[in-house]
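The next block holds one structure in the form of structure tokens; read it before the comments.
The values are calculated or read from the model by the stated rules, or taken from the named source; none is laboratory data. Note that the structure is a prediction, hence the values are computed from the model and not measured. When we count neighbours, we look across all protein chains shown, and the Cβ atoms used for this are built from the backbone with ideal geometry, even at glycine. Note: accessible area is taken over every heavy atom of the protein model, side chains too, but ligands, DNA and RNA are not part of it. Shrake-Rupley method; radii C 1.70, N 1.55, O 1.52, S 1.80 Å.
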Amino acid sequence: MIVLSGTIGAGKTSLTKMLAKHLDSQAFYESVDDNPILPLFYKDPKKYGFLLQIYFLNKRLEQIKKAQVSEKNILDRSIFEDALLFQLTADLNRATQTEVDIYKSLVNNMMAEIPGSDTSKDPDLLIHVRVSFDTMLARIKKRGRSFEQVEANPDLYDYYKQLNKRYDDWFAAYNRSPKIQIDGDRFDFVENEESGEKVLDMIDAKLSQTGVFLF
Ligand SMILES: Nc1ncnc2c1ncn2[C@@H]1O[C@H](COP(=O)(O)OP(=O)(O)OP(=O)(O)O)[C@@H](O)[C@H]1O
């Protein structure tokens, strides 16, 4: 199982699609447009922060159960980042530390209940798409999801800025599987075909280096 990670608008979904085609494998996408809690959370994070995490946890567990049958299957966002987002929500006083602690303990208990060994539940590779804060803002604007726009909700500026910054430490500390970082500023794999090919080559090289599966 390959999992993508990265900040909002980093390009995880696009890279998941490209990679699934390239590896001829199955992609599993995070539900955004049909997520009933997300717009509520953006409007009132204090009220809906915990519920949103439970919603994502439930969805991600469902997907991990389906995806873990093949090393090539791809999830467009890892379960491990949710605690990072929720901790930030708490640090901005929109959730309590008790909620975060209960959430983290629940994730661990739920993961233990998923059938299979730790190695089959953990990813075979984590791909982190790193983008600068400016690129992140530009991509969020370009995509235009109404509830994500800073113009309509100025509080989001600080949330996005801190989130982007925290990802560097998060990626450095991540040790559940082999990992690779893609510079999403340098390689615009969505707009530029050559960049797309380079990124796929980097991922291929990493996969063969880790010996996950043979090409
Ligand atoms: N654990 C979480 N807590 C709060 N919000 C979350 C969480 N996970 C995802 N989101 C929100 O869900 C939406 C989709 O997130 P995500 O970053 O995975 O995809 P995306 O914005 O489509 O990015 P990409 O362009 O990289 O595919 C964003 O608005 C993000 O803030």
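Looking at Leu200, Leu125, Leu137, Leu156, which is the one that is surrounded by 13 or more Cβ atoms within 10 Å (Cβ to Cβ) and either among the hydroxyl-bearing types (Ser, Thr, Tyr) or touching a strand residue (DSSP E or B) at 6+ places or on another chain (Cβ under 8 Å) (or both)?
Leu125
Can you run down the residue pairs with Cβ atoms below 9 Å, 6 or more apart or on separate chains, where the first is in the stretch 152-171 and in contact (Cβ under 8 Å) with a residue 12 or more places away in the chain and part of a helix (DSSP H, G or I) and the partner is open to solvent by less than 60 Å² (accessible area, probe 1.4 Å) and among the acidic types (Asp, Glu)?
Between residues of the stretch 152-171 that are in contact (Cβ under 8 Å) with a residue 12 or more places away in the chain and part of a helix (DSSP H, G or I) and residues that are open to solvent by less than 60 Å² (accessible area, probe 1.4 Å) and among the acidic types (Asp, Glu), the close pairs are Leu156/Glu148; Tyr160/Glu148; Tyr167/Glu81; Trp170/Glu81.
Output the number of the condition that Glu62 fails; it satisfies all remaining conditions of (1) over 16 Å from the mean Cα position of the chain (by Cα); (2) under 30 Å from Ser208 (Cα atoms); (3) assigned to a helix (DSSP H, G or I); (4) without any contact (Cβ under 8 Å) to a residue 12 or more places away in the chain.
Against the list (1) over 16 Å from the mean Cα position of the chain (by Cα); (2) under 30 Å from Ser208 (Cα atoms); (3) assigned to a helix (DSSP H, G or I); (4) without any contact (Cβ under 8 Å) to a residue 12 or more places away in the chain, Glu62 comes up short only on (1).
Could you identify the single residue in Asp33, Asp82, Asp101 that is open to solvent by 60 Å² or more (accessible area, probe 1.4 Å), charged (D, E, K, R) and either in contact with a Lys or Arg (Cβ under 8 Å, 6 or more places away or on another chain) or assigned to a loop (DSSP other than H, G, I, E, B) (or both)?
That would be Asp33, the only listed residue that is open to solvent by 60 Å² or more (accessible area, probe 1.4 Å), charged (D, E, K, R) and either in contact with a Lys or Arg (Cβ under 8 Å, 6 or more places away or on another chain) or assigned to a loop (DSSP other than H, G, I, E, B) (or both).
If I ask for residues that are touching a helix residue (DSSP H, G or I) at 6+ places or on another chain (Cβ under 8 Å) and at pLDDT 95 or above, which ones from the stretch 95-124 would you list?
Ala95, Thr96, Gln97, Glu99, Val100, Tyr103, Lys104, Leu106, Val107
What number of residues within the stretch 15-30 satisfy the criterion of being open to solvent by 50 Å² or more (accessible area, probe 1.4 Å) and within 10 Å of the ligand (Cβ to nearest atom)?
2
Given the criterion open to solvent by 20 Å² or more (accessible area, probe 1.4 Å) and within 12 Å of the ligand (Cβ to nearest atom), identify the matching residue among Lys43, Lys59.
Every option except Lys59 fails the conditions.
Could you please find all residues in the stretch 119-138 being farther than 17 Å from Tyr159 by Cα and not in a strand (DSSP E or B)?
Listed by number, the residues that qualify are Thr119, Ser120, Lys121, Asp122, Pro123, Asp124.
Can you spot a residue in the stretch 135-158 that is of a type outside the set (Val, Ile, Thr) and on the phi > 0 side of the Ramachandran plot?
Checked the stretch 135-158: at least one residue is of a type outside the set (Val, Ile, Thr) and on the phi > 0 side of the Ramachandran plot.
Does Ser70 satisfy being at pLDDT below 95 and polar (S, T, N, Q)?
Taking the combined requirement at face value, the residue satisfies it.
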